[in-house]
Amino acid sequence: MSKRKPMDKTQARERRNQLLESAASAKLSLTEGVREMRAISGMTQEEFAQHRGVSARVIKAIELGQGNPTMATLNRIGEFFGLEVAFVPIRRGDEEPKAVESNMAGKKELDEYFDKLATLVTDRVREELVNNFLQLENIPQWDKPKTSRPAKVSSKKGDRNP
């Protein structure tokens, strides 16, 4: 039996909706998320861990901000609440993460910038290759040094070289 006082369904639903909204807007840290999921469930760390199929040590470490769980473990924990591991915008301090819509609005400008940059880089590389080739044509051809072979010396005493 759970040691925690069960939450009424209305309050649990409201907190679950807030949890999902925070996750969708990238305002939910891993530590806060696991702690809130467990609180909504009305379970102790040990009970929540057993319910989600992970060790209590993993839950404790995550809630303390010291865990390094695998993606499979995180997905197992979040699955009950309809959550999975995904990329979200980075949250720095109190700064709000930028909305996806504002990021998408700048996508076209960013694509145009990279297209121009790629063209400039391509033009620059082409120019350098042509210049290098032209410089190679201007290098005077030098004659290979002539090597002469030394006279054949015999190691036998009776042999003489003519």
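Check the range 60-68 and report whether any residue there is modelled with pLDDT of 70 or more and either surrounded by fewer than 10 Cβ atoms within 10 Å (Cβ to Cβ) or touching a His at 6+ places or on another chain (Cβ under 7 Å) (or both). Checking the range 60-68: at least one residue is modelled with pLDDT of 70 or more and either surrounded by fewer than 10 Cβ atoms within 10 Å (Cβ to Cβ) or touching a His at 6+ places or on another chain (Cβ under 7 Å) (or both).
Has the range 74-93 got any residue that is in a loop (DSSP other than H, G, I, E, B), at pLDDT 90 or above, β-branched (Val, Ile, Thr) and in the same structural domain as Met43 (by TED's automatic domain parsing)? Within the range 74-93, none of the residues are in a loop (DSSP other than H, G, I, E, B), at pLDDT 90 or above, β-branched (Val, Ile, Thr) and in the same structural domain as Met43 (by TED's automatic domain parsing).
Does Ala61 fit the bill of being within 22 Å of Asp8 (Cα to Cα), of a type in the set (Gly, Ala, Ser) and part of a helix (DSSP H, G or I)?
Taking the combined requirement at face value, the residue does not satisfy it.
Quick grid of which residues meet (1) over 13 Å from Gly78 (Cβ atoms); (2) touching a helix residue (DSSP H, G or I) at 6+ places or on another chain (Cβ under 6 Å):
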residue: Asn17; (1), (2): yes, no
residue: Lys27; (1), (2): yes, no
residue: Ala39; (1), (2): yes, no
residue: Gln45; (1), (2): yes, yes
residue: Gly53; (1), (2): no, yes
residue: Ala56; (1), (2): yes, yes
residue: Ile59; (1), (2): no, yes
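Can you tell me which residues in the range 70-89 are touching a residue at least 24 places away in the same chain (Cβ under 8 Å) and surrounded by 17 or more Cβ atoms within 10 Å (Cβ to Cβ)? Correct list: Leu74, Ile77, Gly78, Leu83.
The values are calculated or read from the model by the stated rules, or taken from the named source; none is laboratory data. For clarity, every value in this text was computed on a predicted model and none was experimentally measured. A quick note on method: Cβ atoms are made from the backbone with ideal geometry, for glycine too, and the neighbour counts reach across all protein chains shown.
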